[in-house]
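Notes follow once the structure below has been shown.
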Amino acid sequence: SWNRAAESLFGYTPEEAVGAPITRLAPPERYAEVDRNRRILNAGGHVNPYQTERIRKDGTCLPVLLTVSSLRDARGQIVGASAIARDISAEKESEEVIRRSEKLATAGRLAASIAHEINNPLEAVINLLYLARNDTKNAAQYLTMAEQEVGRVARLAQQTLGFVRD
């Protein structure tokens, strides 16, 4: 059988779906999964709900939570299987939004940390240049110290570039 929910989810009418191979709904890379489920059901087992992908009539991929159970007759013999596919694309999209948000938050924290690390030596350079301008007797010493702080900024920039490349 093929209910209205399945028709809405996959795009096939009952006439198109009933009697067609179940692999019609599976991407080729999932055929082994379909065969494994069939073997488990034929052996009298059950397939616990799991996340997978299926294909709509229009060819688009659909993430689903799939539950598969065997159907038995009055004597307890397996006569078929029942599959319930729940569309989880909204959940998957939400997970992706959360993942992107977490990445952005991490990048923001990293940028703030790097800005802080760069700001400290730059503040020192500004102060040392001020001192060199106003204390010409010790200007060479202040300029040497400023040069060291600029070198520190350069090393931070190189480390950051290396991190980004990795």
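Take the conditions of a type outside the set (Lys, Arg), part of a loop (DSSP other than H, G, I, E, B) and on the phi < 0 side of the Ramachandran plot and apply them to Gly45. Does it pass?
Numbers: of a type outside the set (Lys, Arg): yes; part of a loop (DSSP other than H, G, I, E, B): yes; on the phi < 0 side of the Ramachandran plot: yes.
Yes.
Keeping to region 49-76, report how many residues are of a type in the set (Ser, Thr, Tyr) and in a loop (DSSP other than H, G, I, E, B). Break it down into steps so the answer makes sense when it comes.
Step one: filter region 49-76 for residues of a type in the set (Ser, Thr, Tyr), giving 50, 52, 60, 67, 69-70.
If we keep only those that are in a loop (DSSP other than H, G, I, E, B) too, we end up with 60.
Residues in region 49-76 being of a type in the set (Ser, Thr, Tyr) and in a loop (DSSP other than H, G, I, E, B): 1 in total.
If Ile88 passes every condition in (1) in contact with a strand residue (DSSP E or B) (Cβ under 9 Å, 6 or more places away or on another chain); (2) modelled with pLDDT of 95 or more; (3) open to solvent by less than 70 Å² (accessible area, probe 1.4 Å); (4) closer than 19 Å to Ile22 by Cα but one, which one does it miss?
(4)
Kindly evaluate Ser94 against the criterion of being of a type in the set (Ser, Thr, Tyr) and touching a Leu at 6+ places or on another chain (Cβ under 9 Å).
Details: of a type in the set (Ser, Thr, Tyr): yes; touching a Leu at 6+ places or on another chain (Cβ under 9 Å): no.
No; evaluated as a whole, the condition is false for this residue.
Would you please list the contacts, defined by Cβ atoms under 8 Å and residues six or more apart or on different chains, that run from a residue in region 58-74 that is under 16 Å from Pro28 (Cα atoms) and open to solvent by 50 Å² or more (accessible area, probe 1.4 Å) to a residue that is of a type outside the set (Asp, Glu) and part of a strand (DSSP E or B)?
Taking only residues 6 or more apart or on different chains, the pairs are Cys61/Arg54; Cys61/Ile55.
Looking at Ser101, Ser82 in this structure, which one is surrounded by 11 or more Cβ atoms within 10 Å (Cβ to Cβ) and among the hydroxyl-bearing types (Ser, Thr, Tyr)?
Details: Ser101 fails: surrounded by 11 or more Cβ atoms within 10 Å (Cβ to Cβ).
After ruling out the rest, the residue left standing is Ser82.
On the given criteria, is Ile114 touching a helix residue (DSSP H, G or I) at 6+ places or on another chain (Cβ under 9 Å), open to solvent by less than 70 Å² (accessible area, probe 1.4 Å), in contact (Cβ under 8 Å) with a residue 24 or more places away in the chain and within 30 Å of Phe163 (Cβ to Cβ)?
Values: touching a helix residue (DSSP H, G or I) at 6+ places or on another chain (Cβ under 9 Å): yes; open to solvent by less than 70 Å² (accessible area, probe 1.4 Å): yes; in contact (Cβ under 8 Å) with a residue 24 or more places away in the chain: yes; within 30 Å of Phe163 (Cβ to Cβ): yes.
Criteria met by Ile114.
I need the full set of residues from region 1-19 which are surrounded by 12 or more Cβ atoms within 10 Å (Cβ to Cβ), hydrophobic (A, V, I, L, M, F, W, C) and part of a loop (DSSP other than H, G, I, E, B), in order please.
The answer is Trp2, and nothing else.
Being at pLDDT 95 or above and open to solvent by less than 100 Å² (accessible area, probe 1.4 Å) narrows it down to one residue among Ala107, Ala157, Ala140; which is it?
Ala140
For region 128-137, which positions are in a helix (DSSP H, G or I) and open to solvent by less than 90 Å² (accessible area, probe 1.4 Å)? Outline the logic, then answer.
Let us first name the residues in region 128-137 that are in a helix (DSSP H, G or I), namely 128-134, 136-137.
Of everything in region 128-137, those that are in a helix (DSSP H, G or I) and open to solvent by less than 90 Å² (accessible area, probe 1.4 Å) turn out to be Leu128, Leu129, Leu131, Ala132.
Can you tell me which residue within region 20-56, out of those that are of a type in the set (Lys, Arg) and within 23 Å of Ala90 (Cβ to Cβ), is surrounded by the fewest Cβ atoms within 10 Å (Cβ to Cβ)?
At the first step, the residues of region 20-56 found to be of a type in the set (Lys, Arg) are 24, 30, 36, 38-39, 54, 56.
Of the ones still in play, those that are also within 23 Å of Ala90 (Cβ to Cβ) are 30, 54, 56.
Values: Arg30: 16, Arg54: 22, Arg56: 13.
Checking each candidate, the answer is Arg56.
The values are calculated or read from the model by the stated rules, or taken from the named source; none is laboratory data. Only a predicted model underlies this, so the values are computations on that prediction, with no experimental measurement involved. Cβ: placed from backbone, ideal geometry, glycine included. Neighbour counts: every protein chain shown. Heavy atoms of the whole protein, side chains included, go into the accessibility calculation; ligands, DNA and RNA do not. Shrake-Rupley method; radii C 1.70, N 1.55, O 1.52, S 1.80 Å.
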